[in-house]
Amino acid sequence: MRKPLALTALLLALIFSTSSAFAWSPSAAKAKQDKNAWDHWDTTMEIAYFLTHAADWGQTRSIAGQCQVGTYYETNPILGECPSVQTVNAYFLGTALLHAGMSYMLPKKYRRVFQTTTFAAQLGVVSSNASIGIKMQF
């Protein structure tokens, strides 16, 4: 009776010692399955967008402070030619939150296009404003 038990234990030990060992991580498995998962690139692009958005925000606040004297005026049709600083703040806070929410909800393929395009557009606006002498004011 002891012999079959010993043989079974030996056989099981042999099987388990020669089998391959695989590590498994639930988060890694989920990431492989979820092709739309947020990744480092998405975070980098969202930060890049937000930095240019903040620069545009500061420039627009500067325009809001100077448009009464006729130095500059705003070309954004939503804000109007001479918005108040409160209107500028509400607009830029809202659009920053909207951008982050949309970026998070879009599938990765469209998210990449959206983030890259909006970043490039913001960079163009900020560069254009800087070229005509508009400073950031917070």
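The values are calculated or read from the model by the stated rules, or taken from the named source; none is laboratory data. Quantities reported herein were computed from a predicted structural model and do not represent experimental measurements. Here Cβ is always computed from backbone atoms with ideal geometry, including for glycine, and neighbour counts include all displayed protein chains.
Return yes or no: is GLU74 acidic (Asp, Glu) and buried (at least 16 other Cβ atoms within 10 Å of the Cβ)? When the stated conditions are applied, GLU74 passes them. Check whether at least one residue in the stretch 70-77 is in contact with a Gly (Cβ under 7 Å, 6 or more places away or on another chain) and over 19 Å from ASP39 (Cα atoms), and report yes or no. The answer is yes, given that some residue of the stretch 70-77 is in contact with a Gly (Cβ under 7 Å, 6 or more places away or on another chain) and over 19 Å from ASP39 (Cα atoms).
Of all residues in the stretch 109-138, exactly one satisfies the criterion of being charged (D, E, K, R), modelled with pLDDT under 95 and farther than 11 Å from ASP56 by Cα, namely LYS109.
Can you pull out every residue in the stretch 48-95 that is among the hydroxyl-bearing types (Ser, Thr, Tyr) and closer than 18 Å to GLY133 by Cβ? Within the stretch 48-95, THR60, SER62, THR71, TYR72, TYR73, THR75 meet the criteria. Within the stretch 120-138, residues that are more than 16 Å from GLY65 (Cα to Cα) have Cβ atoms under 9 Å from residues that are of a type in the set (D, E, K, R) in these pairs: GLN122/ASP56; VAL125/ASP56; VAL126/ASP56, counting only partners at least 6 apart in sequence or on another chain.
Among the residues of the stretch 86-134, those identified as outside any helix (DSSP H, G or I) and either loosely packed, with under 11 Cβ neighbours inside 10 Å or under 19 Å from the mean Cα position of the chain (by Cα) (or both) are LEU106, PRO107, ILE132, GLY133.
A single entry from GLY133, GLY124, GLY94 fulfils the requirement of being at positive phi and not aromatic (Phe, Trp, Tyr): GLY133.
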